[in-house]
Amino acid sequence: MVHAPPPPAHSLPPIRINLYSDTQTKPTRAMREAMMAAEVGDEQSGLDPTINALCERMAALTGKEAAMFLPSGTMCNEVAILTHCRPGDAVLAHETAHILIAEGGAPGALAGVQITPLRGADGQFDAGTLTDAILPRSRYAMPQTLLAVEQTANLGGGVVWPLAKLAEVADIAHAQGMATHMDGARLMNAVVASGVAAADMAKGFDSVWLDFTKGLGAPLGAVLCGSARFIDDAWRWKQRLGGALRQGGISAAACLYALDHHIDRLAEDHAHARLLGEGLGALPGLRVQAPQTNLVYIDCRETGSTAETLAQRLRAEGVLISVMGRTRLRACTHLDLSAADIEETIAVLGRLLRG
Ligand SMILES: *Cc1c(COP(=O)(O)O)cnc(C)c1O
């Protein structure tokens, strides 16, 4: 089981501390003011100045020629797969990839592609695993046309792909004639944690996108980037899927605000995640994967409780956390959480486990 929905809110105390996901942040007052002031136009006709400005910023940030604004990260992944692949093709991706486990089967349902799952620690795979999964080209084999990676790898623990490893797998894919795609839902978390520029991380990738609704705190929006030719082709799928917008600049203004004000502060989320990881790791029966970014994965096997039970007991104390497996929990830090919330979470869970 992966990412079960939160329990029903009735008969439970209010949520005091929300560690469920960085998607649960609310737009700040200043972000809402930026949205209110946005200049807008018809995006479908290329006339929304705020969306155009956001796309230019994102193309420059990722070192690509062009960019496209979409409502969600899921739509970025699906538009990219539809653009890179044809029905019957295969996408090579980690076995825990969001496209495989959390998009409702969209690659199969919409693009008619299958996914070849790759294994490896931390949501990553190495050159050997990738090479072993490549089928000799023949009329029997499915055409393997796309390699996808996640930066950071969500189910892998929010771990950052090292630059050399990214370059290595991208080179192997390109040498086979495959395209490469980076799911950069939390790309800026990787950038802030490693100090490596987004454009360097995206260098070997034909498409890359960033989500604005995770730690960046916007209410909606993600931007897909690539060559001018790729974005041109992708526009047909945006149109087909009903993703072409009108006065979407209202939302893009929140994304521009996030680029200006919510990137550097991700370091604070990472510090909170480390604090939480250290505190929880010291509690009886909990094993914590040392966080590199804002995701903290906790194994509770040795407590004798399931993740579900522990999450329910925490929820009864007003703390919301997500269940990511039978004994696997995930806590996610973000801009609506303070250091005091982190201390409180450690204290509450400590009481539950000791009492
Ligand atoms: C959240 C997420 C997505 C999907 O983004 P949405 O904006 O929620 O549609 C895709 N990939 C990864 C790794 C994610 O964490």
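Among the candidates LEU19, LEU54, single out the residue that is more than 28 Å from LEU155 (Cβ to Cβ) and within 16 Å of the ligand (Cβ to nearest atom).
Of the residues listed, the single one that is more than 28 Å from LEU155 (Cβ to Cβ) and within 16 Å of the ligand (Cβ to nearest atom) is LEU54.
Read through the list (1) away from the ligand (no atom under 16 Å from the Cβ); (2) modelled with pLDDT of 95 or more; (3) of a type outside the set (A, V, I, L, M); (4) out of contact with any Leu (no Cβ under 7 Å at 6 or more places or on another chain), then give the number of the only condition that GLU103 fails.
(1) is the only condition that GLU103 fails.
Among the residues of the stretch 60-82 satisfying the criterion of being farther than 12 Å from ASP233 by Cα and part of a strand (DSSP E or B), which is nearest to the ligand (Cβ to nearest atom)? Walk me through it before giving the result.
As a first pass, look at the stretch 60-82 and keep what is farther than 12 Å from ASP233 by Cα: 60-65, 69-78.
Okay, now just the ones that are also part of a strand (DSSP E or B), so 69-70.
Numbers: PHE69: 13, LEU70: 9 Å.
The selected residue is LEU70.
Taking the stretch 127-169, which residues are surrounded by fewer than 20 Cβ atoms within 10 Å (Cβ to Cβ) and either touching a residue at least 60 places away in the same chain (Cβ under 8 Å) or among the basic types (Lys, Arg) (or both)?
Those that are surrounded by fewer than 20 Cβ atoms within 10 Å (Cβ to Cβ) and either touching a residue at least 60 places away in the same chain (Cβ under 8 Å) or among the basic types (Lys, Arg) (or both): ARG137, ARG139, LYS165.
Please specify each residue of the stretch 235-262 satisfying the condition of being within 16 Å of the ligand (Cβ to nearest atom) and either free of Cβ contacts under 8 Å to residues at least 60 places away in the same chain or over 18 Å from ARG186 (Cα atoms) (or both).
Listed by number, the residues that qualify are TRP237, LYS238, LEU241, GLY242, GLY243, LEU245, GLY248, SER251.
Of GLY277, GLY249, GLY242, GLY285, which residue is farther than 20 Å from LEU216 by Cα and in contact with a Pro (Cβ under 7 Å, 6 or more places away or on another chain)? Give the steps one after another, and end with the answer.
Working: GLY249 fails: farther than 20 Å from LEU216 by Cα; GLY242 fails: in contact with a Pro (Cβ under 7 Å, 6 or more places away or on another chain); GLY285 fails: in contact with a Pro (Cβ under 7 Å, 6 or more places away or on another chain).
Selected residue: GLY277, the only one of GLY277, GLY249, GLY242, GLY285 that is farther than 20 Å from LEU216 by Cα and in contact with a Pro (Cβ under 7 Å, 6 or more places away or on another chain).
Quick test for you: out of LEU259, LEU283, LEU266, pick the one residue that is under 19 Å from the mean Cα position of the chain (by Cα), open to solvent by less than 40 Å² (accessible area, probe 1.4 Å) and farther than 22 Å from GLY156 by Cα.
Working: LEU283 fails: under 19 Å from the mean Cα position of the chain (by Cα); LEU266 fails: farther than 22 Å from GLY156 by Cα.
Testing whether each residue is under 19 Å from the mean Cα position of the chain (by Cα), open to solvent by less than 40 Å² (accessible area, probe 1.4 Å) and farther than 22 Å from GLY156 by Cα leaves just LEU259.
Take GLY112 and decide whether it is of a type outside the set (S, T, N, Q), surrounded by fewer than 18 Cβ atoms within 10 Å (Cβ to Cβ), more than 18 Å from the chain's Cα centre (by Cα) and closer than 19 Å to ILE172 by Cβ. I'd like the intermediate steps shown before the answer.
Working: of a type outside the set (S, T, N, Q): yes; surrounded by fewer than 18 Cβ atoms within 10 Å (Cβ to Cβ): yes; more than 18 Å from the chain's Cα centre (by Cα): yes; closer than 19 Å to ILE172 by Cβ: no.
Considered against the rule, which asks whether it is of a type outside the set (S, T, N, Q), surrounded by fewer than 18 Cβ atoms within 10 Å (Cβ to Cβ), more than 18 Å from the chain's Cα centre (by Cα) and closer than 19 Å to ILE172 by Cβ, GLY112 comes out as no.
Every residue in the stretch 189-208 that is open to solvent by 10 Å² or more (accessible area, probe 1.4 Å) and either part of a helix (DSSP H, G or I) or within 12 Å of the ligand (Cβ to nearest atom) (or both), please. Can you show your working first?
Step one: of the stretch 189-208, the residues open to solvent by 10 Å² or more (accessible area, probe 1.4 Å) are 191-197, 199-200, 203-204, 206.
Listed by number, the residues that qualify are VAL191, VAL192, ALA193, SER194, ALA199, ASP200.
How do the helices (runs of 4 or more DSSP H) wholly within the stretch 239-332 filter down when requiring 1 or more residues that are under 30 Å from LEU82 (Cα atoms): which remain? Step through it out loud before you land on a result.
Values: elements: 249-261, 266-281, 307-316.
Because the criterion is at least 1 residues that are under 30 Å from LEU82 (Cα atoms), the helices (runs of 4 or more DSSP H) in the stretch 239-332 that meet it are 249-261.
Given ALA290, ALA244, ALA254, which one is surrounded by fewer than 19 Cβ atoms within 10 Å (Cβ to Cβ), among the aliphatic types (A, V, I, L, M) and under 27 Å from VAL79 (Cα atoms)?
Numbers: ALA290 fails: under 27 Å from VAL79 (Cα atoms); ALA254 fails: surrounded by fewer than 19 Cβ atoms within 10 Å (Cβ to Cβ).
Result: ALA244 is the single residue among ALA290, ALA244, ALA254 that is surrounded by fewer than 19 Cβ atoms within 10 Å (Cβ to Cβ), among the aliphatic types (A, V, I, L, M) and under 27 Å from VAL79 (Cα atoms).
Is it the case that the stretch 116-139 has a residue that's basic (Lys, Arg) and farther than 28 Å from ASN294 by Cβ?
yes
Give the residue that is farthest from THR25 (Cα to Cα), with candidates limited to residues of the stretch 328-351 that are buried (at least 20 other Cβ atoms within 10 Å of the Cβ) and polar (S, T, N, Q).
So, considering only residues that are buried (at least 20 other Cβ atoms within 10 Å of the Cβ) and polar (S, T, N, Q), the one farthest from THR25 (Cα to Cα) is THR345.
What residue, of VAL91, VAL40, is touching a Leu at 6+ places or on another chain (Cβ under 8 Å) and either over 25 Å from ASN294 (Cβ atoms) or not assigned by TED's automatic domain parsing to the domain that holds ALA190 (or both)?
Just one listed residue meets the conditions, VAL91.
The values are calculated or read from the model by the stated rules, or taken from the named source; none is laboratory data. Only a predicted model underlies this, so the values are computations on that prediction, with no experimental measurement involved. Glycine gets a Cβ as well: all are built from the backbone with ideal geometry, and neighbour counts include every protein chain shown. The protein model used for the area step is the full one, side chains on, heavy atoms only, and it has no ligands, DNA or RNA in it. Shrake-Rupley method; radii C 1.70, N 1.55, O 1.52, S 1.80 Å.
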